[in-house]
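Undergrad: Please read through the structure below; I'll follow up with questions.
The values are calculated or read from the model by the stated rules, or taken from the named source; none is laboratory data. Everything numeric here is computed off the predicted structure, so don't read it as measured data. Every residue, glycine as well, gets a Cβ built from its backbone with ideal geometry; the counts of neighbours run over all protein chains shown. Only protein heavy atoms, including side chains, enter the accessible area calculation; ligands, DNA and RNA are left aside. Shrake-Rupley method; radii C 1.70, N 1.55, O 1.52, S 1.80 Å.
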Amino acid sequence: TPRIFSGIQPSGGLTLGNYLGALKRFVSLQETGIETIYCVVDLHAITVWQEPETLRHQTREAAAAFMAAGVDPARSILFNQSQVSAHAEMAWLFNTVARVGWMYRMTQFKDKAGKNSENASLGLLAYPALMAADILTYHATAVPVGDDQKQHLELTRDIAAKFNHDYGSDFFPITEPLIEGVATRVMSLRDGSKKMSKSDPSDASRINLTDDADAIAQKIRKARTDAEPLPGNMDGLKDRPEARNLVNIYAALSDETPDQVLARFEGQGFGAFKPALAEVAVAALSPITTRMNQFMADPAEIDRILGDGANRADAIATPILDATKSIMGLISSR
Ligand code: TYM
């Protein structure tokens, strides 16, 4: 049976990249009627230092963002990872299946660990085994993510395949990545070669889901572009990454193809395009920001929703964890 799982780290405020690459698609998948399980992955966030009070706030804010974007906790399961202990336990089992070399090859580890990788937390290295645990503890068949998570999902498939091979079983499904649409890699507003990220030191490089209408308009106005007019289709933007990024963002926000957008703006410059983009962005994001603020006014209610989601997640995860242990020869007698 098909089952969707995905997660977002509460390691900073969420961005337009998280919204278009992940949240917006989580909502459309929920609407298909397939079972959807969405997780705020707080155990992943602490692989780099998080101030505890800030982490608590950001975990609730991420949950608020899911719901403000349209994830309905009655139709999807919404919870935070650390409340369902099967994730951490399954991650240990997978630590024994995965190879150290696989982990060192991950580009996200290399980026985040930097030059002094000996000093990175052991958790940062093992991060992808926990991600495989998130997915496989639910026997999820498909995982919607942005382009930057592709390598991690390949590793999840490798872990499932090696487990199945080593234990002569076909217990774990080989999960499909769902990396679809024009916004699987939203780029920085300041540099068309870098992805938009919550951890970029420049706030002007990203649109945050907490930004108000003025901030959104100002960041788009100041976004780096070139001086050429827009062409009639995307072929004409091959060597113009910043322009391509803004057109892709417009298209994703307005549910059009980039070519449909360009057909309307052909021959016009960014003096005309940017205010139009700002209008589309504010129209799409303002209601989300408003609803996020409403949810954040009642943190106890967010915690209640996460707890309820964790109970429902646990009911699916625990039998799969128990079966995994049994396949591996671990005795369970209480
Ligand atoms: P994270 O928290 O970095 O990002 C959450 C989701 O947002 C997508 N994303 C983007 N999409 C398009 N353009 C961007 N600029 C952009 N930035 C981020 C990410 O691809 C992701 O889909 N390891 C994961 C979290 C995770 C997870 C999982 C995901 C943990 N366990 C299990 C799926 C399944 C991460 O760090 O995402």
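Undergrad: How large is the dipole of the chain about the Cα centre if only Lys and Arg carry +1 and Asp and Glu carry -1, each at its Cβ, rounded to the nearest 20 debye? Write out the running numbers ahead of the final one.
TA: Working: 34 positive and 41 negative charges, 114 e Å.
Using only the charged Cβ atoms, the result is roughly 540 debye.
Undergrad: I've got another one for you. Out of residues 5 or more away from LEU14 or on other chains, whose amide H comes under 5 Å of its own, with H placed 1.01 Å from N in the peptide plane?
TA: Hits under the 5 Å cutoff: LEU209.
Undergrad: If eta is 0.692 mPa s and T is 37 °C, what Stokes-Einstein diffusion coefficient results for segment 145-237, Kirkwood Rh from Cα pairs, in µm²/s?
TA: D, rounded to a whole number, is 197 µm²/s.
Undergrad: Taking amide H positions as placed in the peptide plane 1.01 Å from N, state which residues far from SER188 in sequence (5 or more) or on other chains have amide H under 5 Å from it.
TA: HN-HN under 5 Å from SER188: LYS194, LYS195, MET196.
Undergrad: HN-Hα J couplings of segment 126-131 from phi, Karplus 6.51/-1.76/1.60, θ = phi - 60°, integer Hz, Gly and Pro as x?
TA: With coefficients 6.51, -1.76 and 1.60, one gets 7, 2, x, 6, 5, 5 Hz.
Undergrad: Sticking with this structure for a sec: For the chain, calculate the relative contact order in percent as a whole number, restricting contacts to Cα pairs under 8 Å that are 6 or more residues apart.
TA: Relative contact order, the chain: 23 percent.
Undergrad: Whole-Hz ³J(HN,Hα) for each residue in segment 74-82, computed from phi via Karplus 6.51 cos²θ - 1.76 cosθ + 1.60 with θ = phi - 60°, x for glycine and proline: what do you get?
TA: Result, rounded to whole Hz: 7, 9, 10, 8, 10, 7, 9, 3, 5.
Undergrad: Determine, from the Cβ-Cβ distance of ASP147 and GLU256 and an R0 of 22 Å, the FRET efficiency 1/(1 + (r/R0)^6), rounded to the nearest 0.05.
TA: Efficiency, from the Cβ-Cβ distance: 0.60.
Undergrad: Then there's this: Separation between the THR107 and ASP214 pseudo-spin-labels, each 7 Å from Cα along Cα→Cβ, expressed in nm?
TA: That separation, rounded to one decimal, is 3.9 nm.
Undergrad: Calculate how large, on average over all directions, the projected area of the Cα convex hull of segment 203-294 is; give the answer in nm² to one decimal. Write down the numbers at each step before the final one.
TA: On the way: hull surface 22.4 nm².
Directional mean of the projected Cα hull area for segment 203-294 stands at 5.6 nm².
Undergrad: To the nearest 20 debye, what is the magnitude of the charge dipole of segment 203-294 about its Cα centre, counting +1 on the Cβ of each Lys and Arg and -1 on the Cβ of each Asp and Glu?
TA: Taking the Cα centre of segment 203-294 as origin, the dipole is about 200 debye.
Undergrad: Let's see if you can work this out: charge +1 on each Lys and Arg Cβ, -1 on each Asp and Glu Cβ, no other charges. What is the dipole magnitude of segment 73-149 about its Cα centre, in debye to the nearest 20?
TA: 100
Undergrad: Assuming R0 = 35 Å, can you tell me the calculated FRET efficiency for the pair SER286 and ARG99, based on Cβ-Cβ distance, to the nearest 0.05?
TA: Between SER286 and ARG99 the formula returns 0.15.
Undergrad: For the peptides 156-164, 254-262, what is the packing order when you average, over each peptide's residues, the other Cβ atoms within 10 Å and list the highest mean first? Walk me through the numbers before you get to the answer.
TA: Numbers: 156-164: 19.7, 254-262: 16.7.
Per-residue mean Cβ counts within 10 Å order the peptides as 156-164, 254-262.
Undergrad: I need the chymotrypsin sites (Phe, Trp or Tyr not before Pro) found in segment 22-128, filtered to DSSP loop residues with at most 16 other beta carbons within 10 Å of theirs. All intermediate terms of the calculation are to be shown ahead of the outcome.
TA: Details: sites: PHE26, TYR38, TRP49, PHE66, PHE79, TRP92, PHE94, TRP102, TYR104, PHE109; in loops: TRP49.
Filter output for segment 22-128: TRP49.
Undergrad: Right, here's the next one. Could you calculate the FRET efficiency of ARG304 with GLU53 from 1/(1 + (r/R0)^6), where r is the beta carbon distance between them and R0 is 30 Å, rounded to 0.05?
TA: For R0 = 30 Å, the calculated efficiency reads 0.90.
Undergrad: Continuing with the same structure: How large a share of the accessible area of the chain, in percent, is made up of carbon and sulfur atoms when the probe is 1.4 Å and the other protein chains stay in place?
TA: It is 51 percent, rounded to a whole number.
Undergrad: Could you sort out which of LYS194/LYS238; LYS24/LYS198; LYS150/LYS195; LYS238/LYS274; LYS112/LYS222; LYS195/LYS219 sit more than 25 Å apart by Cα distance in this structure?
TA: LYS112/LYS222
Undergrad: Right, here's the next one. What does the charge add up to near VAL280, with Lys and Arg as +1, Asp and Glu as -1, over the other residues with Cβ less than 15 Å from its Cβ?
TA: Residues close to VAL280 contribute a combined charge of +1.
Undergrad: Name the long-range amide H neighbours of LEU178: under 5 Å, sequence gap of 5 or more, or other chain; modelled H, no Pro or chain starts.
TA: Residues meeting the criterion, in which the H sits 1.01 Å from N, are VAL143, VAL145.
Undergrad: Beta carbons within 10 angstrom, averaged per residue: use that to sort the peptides 141-147, 245-251, 301-307, highest first.
TA: 245-251, 141-147, 301-307
Undergrad: Right, something else. PRE reach from LYS325 (point 7 Å along Cα→Cβ): which of segment 90-114 fall under 15 Å by backbone N?
TA: Of the residues in segment 90-114, 90-94 have backbone N under 15 Å from the label point off LYS325.
Undergrad: Helix-derived [θ] at 222 nm for the chain: sum -39500 (n - 2.57) over DSSP H runs of at least 4, divide by residue count, nearest 500?
TA: -16500 deg cm²/dmol
Undergrad: Keeping all protein chains in place, calculate the accessible area per residue for the chain (probe 1.4 angstrom), answer in Å².
TA: 46
Undergrad: Using the basic label-point model (7 angstrom from Cα toward the beta carbon), what is the GLN294 to LYS115 distance in nanometres?
TA: With each label placed 7 Å out from Cα toward Cβ, I get 5.0 nm.
Undergrad: Ok, one more. Consider just the alpha-carbon atoms of the chain and return their Rg together with their Dmax, both in angstrom.
TA: For the chain, the Cα radius of gyration and maximum Cα-Cα distance read 20.8, 73 Å.
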